[in-house]
Each structure stands twice: as structure tokens, then as C-alpha cells.
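Have a look at the structure below, then the notes.
The values are calculated or read from the model by the stated rules, or taken from the named source; none is laboratory data. None of these values were measured; they are calculated from a predicted model. Here Cβ is always computed from backbone atoms with ideal geometry, including for glycine, and neighbour counts include all displayed protein chains. Ligands, DNA and RNA are stripped out before the accessible areas are found, and what is left, the full protein with its side chains, is counted by its heavy atoms. Shrake-Rupley method; radii C 1.70, N 1.55, O 1.52, S 1.80 Å.
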Amino acid sequence: MPRGTRHELTGVLLDDGFYPVLRVRDGGEWRLDMSQRYRHLLGRQVRVVGIRDDFDLLAVEEIGPA
């Protein structure tokens, strides 16, 4: 998956320091770069749409409950 690819993922949103983390069903994790408010979604299943910026970093365009 090269940089600049668009992804739509579902998983659990976790707080992990500087970047929140999305843990997907297969056990993988993505760091999320976003300006949207998200604290109310921590610990919940969410759907994220974003562009891959780095190895495990998504620039989030949309986030909401799954």
C-alpha cells in the first residue's frame, strides 16, 4: 500500500499519546492524524476514511461511529 492511497477502515479507537490509534480486526494498528474531535469515540467501534501519509499513519478525512 503506497503513500497517498485512500483507505476506509473499521476498528476500535484508542488513545496512545500524540496520535490516537485505530486497532483493526486483524490486530493491525494505524496512527490517525486528525483535527476533528474524537475523545467521545475512544473505546468504541469507528469507521475511518483517510489517506495514507506514512507507514502506519492516516490523514483522516472522516471519522464516525461504525
Here are the criteria: (1) among the hydrophobic types (A, V, I, L, M, F, W, C); (2) open to solvent by less than 60 Å² (accessible area, probe 1.4 Å); (3) touching a residue at least 24 places away in the same chain (Cβ under 8 Å). Tell me which single one Ala66 does not satisfy. (2)
In the stretch 23-41, is there at least one residue being surrounded by 12 or more Cβ atoms within 10 Å (Cβ to Cβ) and over 10 Å from the mean Cα position of the chain (by Cα)? yes
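Which of the residues spanning the stretch 42-61 are under 23 Å from Pro2 (Cα atoms) and open to solvent by 70 Å² or more (accessible area, probe 1.4 Å)?
Taking the stretch 42-61 and keeping what is under 23 Å from Pro2 (Cα atoms), we get 47-61.
Passing the criteria: Arg47, Asp53, Phe55, Glu61.
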Could you please tell me which pairs satisfy a Cβ distance under 6 Å, a separation of 6+ or placement on different chains, a first residue in the stretch 1-29 that is within 14 Å of Asp54 (Cα to Cα), and a second residue that is at pLDDT 95 or above and among the β-branched types (Val, Ile, Thr)? Arg6/Ile51; Glu29/Val21
